[in-house]
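Trainee: Below is a structure I'd like to ask you about.
Where a number appears in this text, it was derived from the coordinates with a stated rule and is not lab data. As the structure is a prediction and not an experimental result, all values here were calculated from the model. Cβ placement follows ideal geometry from the backbone for every residue including glycine, while neighbour counts extend to all protein chains displayed.
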Amino acid sequence: MGLKPLISVCIPCYNNEEFIAGTLQSLLNQSFSDFEIVVVDDKSTDRTLSVVQSFADPRIRLIQNDQNLGLAANWNRALSYSRGKYVKLLCGDDVLYPTCLARQAAILEAPANSNVVLAICNREVIDSRNKVVLRRQLPFPAGLASGNKLIRESIRRGSNLVGEPAVGLFRREVLSQTAPCDPSNPYVVDLAFWAELLKHGDAFLDKECLAAFRITAKAASAKIGRRQAAFFRKFIRTMRVDPFYKLGTCDQMLGYVLSFQWCVLRNAFMSFHFNLH
């Protein structure tokens, strides 16, 4: 490929044959065109590869792992192939709405936002039939937000307030300064990644709904189930000793209590929804 694109959309995927076409098509439908798509397949055992190969767009690059690396390691490998000034990590079953890349690129390109390392949007939660089952709103005002505050509030509330990978567009230059995604804690791999990025700048919150996060019974997030609270508490303990965020005992205890409540609510929601289908 020739000149570097403005944006790299990195798609780590594994056994996503049912949804990967929709994910790719949502990118090809963008109102913005200066981007590349990097698909890194983690040794899928279904038809994911053939579905990706059926797309002829030259902006799509397909990399196949020789062995299965697991979720976090595959995220790291996908990110390592990015060439753009800005990067979006997009799971192989999620989708972007048509103006997502244009709006988020404009935010990061604005001179007034030179200290912003991460642009974030609102998102919807969809099921396997693309039905919207939940609309998730960022619990902060639109505009500039302190990265430190976003992560501290997420910990205090026991939940990822930033959002899933699809919601974020970030500066690639920051990747070289951040720790890789942690494979030991799969439930909070996205929040831990945001926490690393936001040590280097602020976030900008766009209240527009520009992406959709998919839940299915087969999804990794669904399989974690009741272990969710334990994983979140492990993340809190890690962050407790991080000198940048300077968590106190009160932060830790609130996160412990509320992470359990969110775990109960989330699993009740998932159980109710999947039992209806």
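Trainee: Mind ranking 54-65, 199-210, 184-195 by how tightly packed they are, going by the mean number of other C-beta atoms within 10 angstrom, highest first?
Mentor: Taking the mean over residues of other Cβ atoms within 10 Å, the ranking is 184-195, 199-210, 54-65.
Trainee: I want the local charge near residue 69. Using Cβ-Cβ distances under 9 Å, sum +1 for each Lys or Arg and -1 for each Asp or Glu among the other residues.
Mentor: Net of charged neighbours comes to +1.
Trainee: Using only the C-alpha atoms of the stretch 76-199, find the volume of their convex hull and express it per residue in Å³.
Mentor: With only Cα atoms used, the stretch 76-199 gives 123 Å³ per residue.
Trainee: Pick out, from 70, 30, 161, the residue whose Cα sits farthest towards the positive end of the charge dipole of the stretch 7-275, with +1 on the Cβ of Lys and Arg and -1 on the Cβ of Asp and Glu.
Mentor: So the residue we want is 161.
Trainee: Something else about it: Report the calculated FRET efficiency for residue 80 and residue 207 (r = Cβ-Cβ distance, R0 = 30 Å), to the nearest 0.05.
Mentor: Working from the Cβ atoms, E equals 0.40.
Trainee: Stokes-Einstein at 10 °C, 1.306 mPa s, Kirkwood radius from Cα pairs: D for the stretch 93-140 in µm² s⁻¹?
Mentor: It diffuses with D of about 126 µm²/s by this estimate.
Trainee: Given the rule -39500 (n - 2.57) for each run of at least 4 DSSP H residues, summed and divided by the residues of the chain, what is its mean residue ellipticity at 222 nm, to the nearest 500 deg cm²/dmol?
Mentor: Per the formula, -11000 deg cm²/dmol.
Trainee: Output the relative contact order of the stretch 7-275, whole-number percent, from Cα pairs under 8 angstrom with separation of 6+ residues.
Mentor: It comes to 21 percent, rounded to a whole number.
Trainee: Let me know the Rg and Dmax you get for the stretch 1-158 when you use only its Cα atoms, in Å.
Mentor: In Å, with Rg to one decimal and Dmax whole: 16.5, 46.
Trainee: Here's another thing I want to ask about it. Can you give the net charge of the other residues whose Cβ lies under 9 Å from the Cβ of residue 210, counting K and R as +1 and D and E as -1?
Mentor: 0
Trainee: Against the 2.2 N^0.38 Å scaling, with N counting residues, where does the chain land? I'd like the Cα-based Rg ratio to two decimal places.
Mentor: 0.96
Trainee: Calculate the dipole size of the stretch 30-139 relative to its Cα centre from +1 charges on Lys and Arg beta carbons and -1 charges on Asp and Glu beta carbons; express the result in debye to the nearest 20.
Mentor: My answer is approximately 240 debye.
Trainee: Run down the lysines and flag those whose C-alpha is under 17 Å from the C-alpha of residue 4, throwing out any fewer than 8 positions away in its chain.
Mentor: Straight-distance partners of residue 4: 85, 88.
Trainee: Could you calculate the contour length gain from residue 106 to residue 177, that is, 0.36 nm times the residue separation minus the distance between their Cα atoms, to one decimal place in nm?
Mentor: 23.2 nm
Trainee: Another one. State the antiparallel share, in %, of DSSP beta bridges confined to the chain, rounding to the nearest 5.
Mentor: Counting DSSP beta bridges with both partners in the chain, the antiparallel share is about 35 percent.
Trainee: If a paramagnetic tag sat 7 Å from the Cα of residue 4 along the Cα-Cβ line, which residues of the stretch 16-45 would have the backbone N under 16 Å from that point?
Mentor: Backbone N within reach: 34-38.
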